[in-house]
Structure formats: C-alpha cells, structure tokens
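Here's the structure, in structure tokens; my notes come after.
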Amino acid sequence: MGFLRIRTTVDERPGRLASLASALAEKGGNILGLSVQPDTDGTVDEFVAEIPASAEDVRAALEEAGGRRVLVLPASAHELTDEPTRALLLAARLRAMPWRLPEILRELLRADDARWIFGSDISGMPDPTLLTVPVAPRRSIRLRRSGLPFTLTEAARAAALVRLAQPPVDQPAADHVIRLPDGAEVQVKPLNPLYREAVRDLHERCSPESRRFRYFTAMPTLTPRIFDHLCDRKRGHSIVAGRDGQFVALASLNFTPDPGIAEFAFLIEDRWQGRGLGTALARTLLTEARDLGFAEVRATLLSDNTRMRRLLLSLGATLNYTEDPGVLEARIPVGVLTAATPYS
C-alpha cells in the first residue's frame, strides 16, 4: 500500500465529491488529505490517499464516478502536512529571508523548479505545467511542475505570497528635526512634487564632484524624469533635509526587483558634508527600511568616494568590488543598526 496524489476535475454539482470519495473507498483507499480548488471549467478536487490499488485502477474508478482529467501520481508522507500550517511556516520564513522567494514559492506549490525570468514577453503556447508569477515590472518567477498542471487557486496563492515579500503601501513619514553633533538642527520631511524647484536649487549648489558621487556623472541639471522617479512612492521613499528656507540634502530609499532588498543614495550640499548629516539621514532610511519589512539595504558607490565609504562602514556595511573596479557595492543587514552608531 502506498501514498498517491490524485487530482480530478468535476462539474459543480451536489454529491460529486461524495461520489469520488466512495469510488476511492471501494478501492480500499484511506483519504488523508483533501483540497478543493475552483477552476475555469469546474472544481478541481485533490486527494492524498493511502491506497492499495494501482494508479490505472484508481483513474478508471474516478472517471466512472464523474471525474475528468484524472491524474494519479506517487506521493510521500511529507505531503501529509497540514496545508494551512505549511503555508504559514513558509510565510514566516519569507518574512525573515525574502530574497529566497523563488525557493519558497517552489516549496509552496511543490514545483520541480523556480527561477527568475526577465522581460514582459511570454512566448510560445500556454503550458499548464508552467506558472509565471509577476514580482516587479519586467521581472517574474517562473515555476515548472511536470505531470501536475497548476490551477487558478495555486496561481492566486503564489501571488499572495509574492505580495508578502513586497513593501506595503503606507502613509508618508511625519516631519522631524535632527540635531547634529555641532548643535545645528535640520528639518527632515518626505519629498513631494511641490519641492521641485527647491531640490533643483540644491542640485545646482552642489559641486560637480558631489553630483558625480551621487549619479556617477557630473550631471549639471536634475531632469524632470529623475525628480518624478524620486517622488514616486511606489518606487521608493525619498526625504529632504532643510535649514533656513533651503534644502541642504536629499536621501532616497529605492525599492528594487529583488525581494527584501532596497538601495539608498544621498546628495548633500558640500558645506554640510562631514557634519554627521549623512549618517543621520542614513539611519532614518534604515529605520524606515526595517519598518517596511526589508532585510537588507545596499548602496553602489565610486571607489574614490572615501567619505561615503567611512559612513557606510560606520553603519555596519560590508564593501565589495563589482565587475567595474572603480565601483563598490555596500550591503547593510537592516538589523545591524543600533542606537550607538556614531555620526560621521
């Protein structure tokens, strides 16, 4: 006697499930698990059963009882776990390790394979053994499960788990005041489209070197496209710091297609650099990243940006060279930030 996973589509009529259960009972089957999933042309009933009959005998019995597209596959005792409990455990693991989204989706749907795909074109004929789950614009996860087509209910479960790995839509953070080590105070507030001219002025007051460190080019003008991108709270959260009617710094926490990972970047007016403002803004964004559920914040910087390197190292970052020897990547686990972090 072995375990079998049995799936069949039935018409939505009273008594159909009872007929299937009776057919399995007549074959000596002991039903250990049951899932009922709505689909496009009926209801998909899925059983895990311990049954002595052959797969062919089971298939014939269920077809006689009104089942359509009957699939009978070997199963294991591992598949007898309570499904709601299993889903909750996977959700808890995803919150702790959101970058492992493909692996967790594969476990949720018991798929054979899960991998990232890029681009928006899905070529070829529809294949019910493939499921594409959108994660971000032009980025998705494709799952493959041979022998057992995916259902609409499973697609909905996958989409719900993906939403758990993405930042929630929230209200803008409240304004607050930061006091720097030299006693100066700056007001920090969320960026909004009304600040376009003030941010443009900040950009133009910064030296070409400061702009190069921020954009990797001495961008003379802040383009409307970049400003609109910074204001789009679906793409990230940006804050500005002001003093005496002028903005003196701009800091951005940008969402990435990688679940659980955000990036930040800073533009600070030259005369305010080295006074602890960058560290204070970084701490603000790291706290926000933590509250949004991110596990890691990254930054990409030019290797000659020594001030930024010191700042990131003071926050617990690890620095690594990229394929470009002039560019470094910093990675900060959100949980490493503590109240004792010094200004720099």
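The values are calculated or read from the model by the stated rules, or taken from the named source; none is laboratory data. Predicted model, so just to flag it, every value in this text is computed and none were measured. Quick reminder, even Gly has a Cβ in these numbers, built from the backbone with ideal geometry, and neighbours come from all protein chains shown. Heads up: the accessible areas ignore ligands, DNA and RNA and are worked out on the full protein's heavy atoms, side chains in. Shrake-Rupley method; radii C 1.70, N 1.55, O 1.52, S 1.80 Å.
Brief remarks on what is shown
- Heavy-atom accessible surface of the chain: percent carbon and sulfur, 1.4 Å: 54
- Among VAL199, PHE227, PRO181 the positive-end extreme of the charge dipole of segment 169-234 (Cβ point charges): PHE227
- Average accessible area per residue (Å²) across the chain - probe 1.4 Å, nucleic acids and ligands excluded: 51
- Cα-based Rg / Dmax (Å) for segment 82-165: 12.4, 37
- Summarising the label geometry, the points placed 7 Å from Cα in the beta-carbon direction at LYS189 and ARG13 lie 6.8 nm from one another.
- Extending 7 Å from Cα along the Cβ direction at ALA136 and again at GLU26 yields two label points whose distance is 5.5 nm.
- Remark: C-alpha extents of segment 1-51 on the principal axes read 34, 17, 11 Å, sorted largest to smallest.
- Candidates SER210, SER252, SER146: whichever shows maximal mean-square fluctuation once the chain is modelled as a Gaussian network with Cα springs under 10 Å: SER146
- Lys/Arg +1, Asp/Glu -1 at C-beta; segment 40-118 dipole; positive extreme among LEU109, ALA75, LEU62: LEU109
- Every Cα-Cα pair of segment 3-99 was included, and the share exceeding 24 Å stands at 28 percent.
- Based on the Stokes-Einstein relation at 37 °C and a viscosity of 0.692 mPa s, and on the Kirkwood radius from alpha carbon pairs, segment 233-302 is assigned a translational diffusion coefficient of 260 µm²/s.
- Förster radius 45 Å - calculated FRET efficiency between LEU89 and ARG310 (Cβ-Cβ, nearest 0.05): 0.60
- Largest accessible area first, the listed residues ARG144, ARG163, ARG225, ARG100 line up as ARG225, ARG163, ARG144, ARG100 when surface is computed with a 1.4 Å probe on the assembled protein chains.
- Segment 176-222: projected area of the alpha-carbon convex hull, averaged over directions, in nm²: 4.3
- Largest accessible area first, the listed residues LYS27, LYS189 line up as LYS27, LYS189 when surface is computed with a 1.4 Å probe on the assembled protein chains.
- Heavy-atom accessible area, probed at 1.4 angstrom with all protein chains present, ranks CYS231, CYS206 as CYS231, CYS206, highest first.
- Gaussian network model of the chain, springs between alpha carbon atoms under 10 Å - residue of GLY28, GLY236, GLY274 with greatest fluctuation: GLY28
- For segment 215-255, the ratio of Cα radius of gyration to the globular rule of thumb 2.2 N^0.38 Å stands at 1.26.
- Pairs of alpha carbons in segment 188-344 whose separation is greater than 22 Å (percent): 38
- Ranked by the mean number of other Cβ atoms within 10 Å of their residues, highest first, the peptides 68-74, 321-327 come out as 68-74, 321-327.
- The helix-based estimate of mean residue ellipticity at 222 nm for the chain, built from -39,500 (n - 2.57) per DSSP H run of four or more residues and divided by its residue count, is -9000 deg cm²/dmol to the nearest 500.
- Karplus (6.51, -1.76, 1.60) ³J(HN,Hα), θ = phi - 60°, over segment 267-272, in Hz, Gly and Pro reported as x: 10, 10, 4, 3, 6, 9
- By the Cα gyration tensor, the chain has an equivalent ellipsoid whose semi-axes, rounded to whole angstrom, run 55, 19, 17 from largest to smallest.
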